[in-house]
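The values are calculated or read from the model by the stated rules, or taken from the named source; none is laboratory data. The shown structure was predicted, so the numbers you read here are calculated from the model rather than taken from an experiment. FYI the Cβ positions are ideal-geometry reconstructions off the backbone, even for glycines, and counts take in every protein chain you see.
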Amino acid sequence: MHSNRLVSLSILVGMATLATGSVVLMLPHVPIADESVHFLQAQMFARGDWSILPTLSTWPTTNLLVAPVLSLFGLDSLQAARATIIASSLV
């Protein structure tokens, strides 16, 4: 019984990973809508600059989730930020 659940869970995780990768790869490599502001804010947080941009229209909650991943892995790309956001939504 447990092995069936483990197989099902493994398949689900694999499909979610493929879906996440596909979405990240399909999106353009330039910011969409207000991503430029939010990505800049996440980059600032990742570099240790905790000031809030005046152009930020919402609380920087997502930016605070993305920044440690960017900082920890030394990433500085929009695709990495998008992948982090999508992956965190699967948890």
Name the pairs: first residue in segment 62-76 and within 13 Å of M44 (Cα to Cα) and of a type in the set (S, T, Y), second residue at pLDDT 90 or above and buried (at least 16 other Cβ atoms within 10 Å of the Cβ), Cβ to Cβ under 6 Å, at least 6 apart or on different chains? S71/A46
Considering residues of segment 24-61 that are among the β-branched types (V, I, T) and in contact with a helix residue (DSSP H, G or I) (Cβ under 6 Å, 6 or more places away or on another chain) only, the residue modelled with the lowest pLDDT: V24
By my count, helices (runs of 4 or more DSSP H) wholly in the chain with at least 2 residues that are loosely packed, with under 10 Cβ neighbours inside 10 Å are 2-26, 61-73
